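The values are calculated or read from the model by the stated rules, or taken from the named source; none is laboratory data. Here the structure is a predicted model, which is why all the values come from computation and not from measurement. Using ideal geometry, Cβ is built from the backbone for each residue, glycine included, and neighbour counts are taken over all protein chains shown. Accessible surface is based on the protein model in full, side chains and every heavy atom, while ligands, DNA and RNA are left aside. Shrake-Rupley method; radii C 1.70, N 1.55, O 1.52, S 1.80 Å.
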Amino acid sequence: MNVYEIVLKELGEACKILDIDPGVYELLREPMRVFTCSIPVRMDDGSVKVFTGYRCQHNDALGPTKGGLRFHPEVDLDETKALAAWMTFKCALVGIPYGGGKGGVKVNPKELSRREIERLSRNFIRALAPIVGPDKDIPAPDVYTNPQVMAWMMDEFSQLKGVNVPGLVTGKPIILGGSAGREEATARGCVIVIREAAKTINLKLDNATAVVQGYGNAGSAAARLLSELGVKVIAANDSGGGVYNQNGFDPVALKKHKDATGSVKGFENCSDISNEELLELECDILVPAALGNVITSKNADRIKTRIIGEAANGPTTPQADEILDKKGVLVLPDILANAGGVTVSYFEWVQNLMHYYWTVEEVNQKLEDYMVKAFKNVYKTYQETEADMRIAAYMVAIKRLDEAMRIRGWV
Ligand code: GLU
């Protein structure tokens with residue numbers, strides 16, 4: 001099943017339980033708009049390379065479309081469409097006034113110099129300029145893009161328009177109108193819902209064990225925030241390898257090691273562990289925080305955890321969901337568990353529009369309120385229906401989308 005077929009399957013299941021209007025279902029099945037472009041980039045050696053870029057605007061019933069831009073060799077149209085649809089459901093689920101969008105460039109940024117990445121970022125946003133803007137579609141960081149990329153994009157677009165447009169993108173550096181708390185927001189949101197989920201299954205976080213797959217922005221911050229709640233982080237990995245210590249290790253020291261050496265590999269007092277072994281370690285909390293499609297029918301049976309907090313987008317396939325549900329693993333689906341990022345993006349955009357900025361304490365408190373409410377809504381639906389947590393999350397989102405589309409007169 002490709003990733004877009006997965007979205008359609010999950011959407012279909014949720015709509016069936018809700019007995020949703022067929023028109024609403026049809027509207028949610030296909031994106032409103034897809035955009036493909038060729039981006040020429042002058043390389044450092046003087047040659048020109050042309051990269052393919054995409055932006056998909058899935059549905060804007062609740063507000064302007066919102067979602068990240070990724071730079072990754074595996075970016076394609078189907079993946080972009082699936083990720084855009086997930087943004088529609090994510091924003092509707094947490095109750096922020098956005099539709100869903102997503103985009104990306106098929107490129108391996110690790111093979112590009114900083115200057116080449118800058119030119120790629122600037123040329124990509126120029127190509128997207130007719131279809132993005134603070135009231136239309138608001139990009140943000142995603143896999144292998146970061147605040148610096150957002151800064152170049154905001155600068156390029158502002159120069160093109162002749163005015164400063166900080167609300168064009170979120171996830172900017174603070175000096176350019178970024179929000180306090182945005183960098184760790186995905187992880188913080190994820191840890192808030194893990195904490196709430198732990199209460200429902202009587203799991204004490206103090207001395208509970210966690211495994212983190214992926215040690216980038218979301219994974220490393222989730223590990224730190226979990227350890228602040230008393231959780232022992234026992235294993236973590238990245239594309240370069242994995243490390244494991246049953247007694248736990250300091251996630252902040254591991255982040256420093258990764259920043260210094262480029263990988264978590266070789267961290268003190270730890271043994272090496274493969275990606276397959278890491279996912280199958282016995283633990284209380286498993287946080288997939290890398291790419292999609294890592295928990296599948298092939299390994300779900302061997303996963304030995306109590307809670308999965310999906311910081312990544314699309315880490316678990318529907319077949320794996322079924323197996324995990326039968327085993328009694330509580331899966332906190334991506335559209336809930338990683339919604340903290342876009343929620344603080346929303347706060348950033350609000351601050352940009354009013355030109356007035358909040359403290360990190362204010363931002364974190366607001367994030368806490370949104371995430372706890374979203375978790376409670378999903379958990380209530382999960383308890384009241386036959387749906388698993390993922391389908392319950394879709395149901396909460398689809399109810400809002402259904403209401404908005406009907407009141408607008410689309411169906
Ligand atoms: N890329 C993040 C996500 O998948 C954040 C999107 C945003 O902040 O707009 O949720």
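The set of residues in region 348-363 being open to solvent by 10 Å² or more (accessible area, probe 1.4 Å) and within 16 Å of the ligand (Cβ to nearest atom) consists of Trp349, Val350, Leu353.
For region 55-76, a residue qualifies if it is more than 13 Å from the ligand (Cβ to nearest atom), closer than 30 Å to Gly409 by Cβ and either among the hydroxyl-bearing types (Ser, Thr, Tyr) or open to solvent by 40 Å² or more (accessible area, probe 1.4 Å) (or both), and the qualifying residues are Asp60, Leu62. Look at Ser345 and say whether it is open to solvent by 20 Å² or more (accessible area, probe 1.4 Å), touching a residue at least 24 places away in the same chain (Cβ under 8 Å) and of a type in the set (Gly, Ala, Ser). No: the conditions fail for Ser345. The set of residues in region 13-42 that are open to solvent by less than 20 Å² (accessible area, probe 1.4 Å) and out of contact with any Gly (no Cβ under 6 Å at 6 or more places or on another chain) comprises Ala14, Cys15, Val24, Leu28, Val41. Quick check: anything in region 108-117 within 16 Å of the ligand (Cβ to nearest atom), under 29 Å from Val7 (Cα atoms) and in contact with a helix residue (DSSP H, G or I) (Cβ under 8 Å, 6 or more places away or on another chain)? Among the residues of region 108-117, at least one is within 16 Å of the ligand (Cβ to nearest atom), under 29 Å from Val7 (Cα atoms) and in contact with a helix residue (DSSP H, G or I) (Cβ under 8 Å, 6 or more places away or on another chain), which makes the answer yes. From the list Asp301, Asp284, Asp321, Asp325, the lone residue that is open to solvent by 80 Å² or more (accessible area, probe 1.4 Å) and away from the ligand (no atom under 16 Å from the Cβ) is Asp301. May I ask you to verify whether Val396 is among the hydrophobic types (A, V, I, L, M, F, W, C), within 16 Å of the ligand (Cβ to nearest atom) and more than 14 Å from Val193 (Cα to Cα)? Judged against the criteria, Val396 is not a match. Checking Ile175, Ile117 one by one, the residue that is at pLDDT 95 or above, among the β-branched types (Val, Ile, Thr), under 30 Å from Lys366 (Cα atoms) and part of a helix (DSSP H, G or I) is Ile175 and no other. Taking the conditions exactly as written (over 16 Å from the mean Cα position of the chain (by Cα) and free of Cβ contacts under 8 Å to residues at least 24 places away in the same chain), does Asp19 satisfy them or not? Judged against the criteria, Asp19 is a match.
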